[in-house]
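Any read-out appearing in this document is the output of simple, stated calculations on the displayed coordinates, not a laboratory observation. These numbers come from a predicted model, not from an experiment. Every residue, glycine among them, receives a Cβ derived from its backbone with ideal geometry; neighbour counts consider all protein chains shown.
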Amino acid sequence: KNNFWNGTIDELRIYNRSLSAAEILQHYNAKVTLLQGESYVINSRYNELTSSYEGLVALYHLNEIAGSTNFTDSSGNNNTGGCGGTSCPTQTDGRLNGAFDFDGSNDFIKMADSKEWDFVDVTIAFWLNPEDLSGNPIIFAQSADDTVGESSNANDHYAYHDSSTKEIRWATVAG
């Protein structure tokens, strides 16, 4: 499988439930305030969305400094991510503060193995700026090693872009 994401990722959230359309809209409207043109600022009301945190497994703002090898989980669940593949993505400007740029050849965000990733319903929210969407690229993964999505890796979980349907999908490799 090992087709890696080529582009920028910012504000990655993973929920173990399906968010309603109203929750998604509330989340979007509370997160940013449009100022002028393409300038955005964090809206202070964002921290008041406690109901939207129900089922939040991981929250990565991806505002770490250049050269970071770990990505802080701000959900309170301690699901810190690290560099997967053979290199780390590079820090860049994001939609909201910083973000990370993935080169499409050898890097992804890897989360530690945990029972928290064993869920049926999922909501994945993030800002993406793709450079290339071919080949079903993996956006992020929970895996025992760096060979994400291969049949030998029972219980890998990963999000990828399905190039044929043009949808983001969540997959689990069954053991």
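Residues with beta-carbon under 14 Å from that of residue 70, excluding residue 70: net charge, scoring Lys, Arg +1 and Asp, Glu -1?
Spelling it out: positives minus negatives among the neighbours equals -2.
Can you run phi through the Karplus equation (6.51, -1.76, 1.60; θ = phi - 60°) for the range 60-66 and list ³J(HN,Hα) in whole Hz, with x for Gly and Pro?
Rounded to whole hertz, the list is 10, 6, 6, 9, 4, 6, 4.
Would you pull out the residues with amide H under 5 Å of residue 156's amide H, same chain only if 5 or more places away, H placed 1.01 Å from N?
173
Please give the contour-minus-distance gain from residue 134 to residue 106: 0.36 nm per residue of separation, less the Cα-Cα distance, rounded to one decimal in nm.
8.6 nm
By the scheme Lys and Arg +1, Asp and Glu -1, what is the net charge of all other residues having a beta-carbon under 11 Å from that of residue 170?
Combined, the nearby Lys, Arg, Asp and Glu give -2.
Please give the peptides 132-140, 65-73, 89-97 ranked by average Cβ packing (other Cβ atoms within 10 Å per residue), highest first, as a rough proxy for protection.
132-140, 89-97, 65-73
Out of all DSSP beta bridges with both ends in the range 52-143, state the antiparallel percent to the nearest 5.
Restricted to the range 52-143, the bridges split so that about 80 percent are antiparallel.
List the extent of the Cα atoms of the range 86-125 along each of their three principal axes, largest first, rounded to whole Å.
Reported extents, whole Å, longest axis first: 32, 27, 15.
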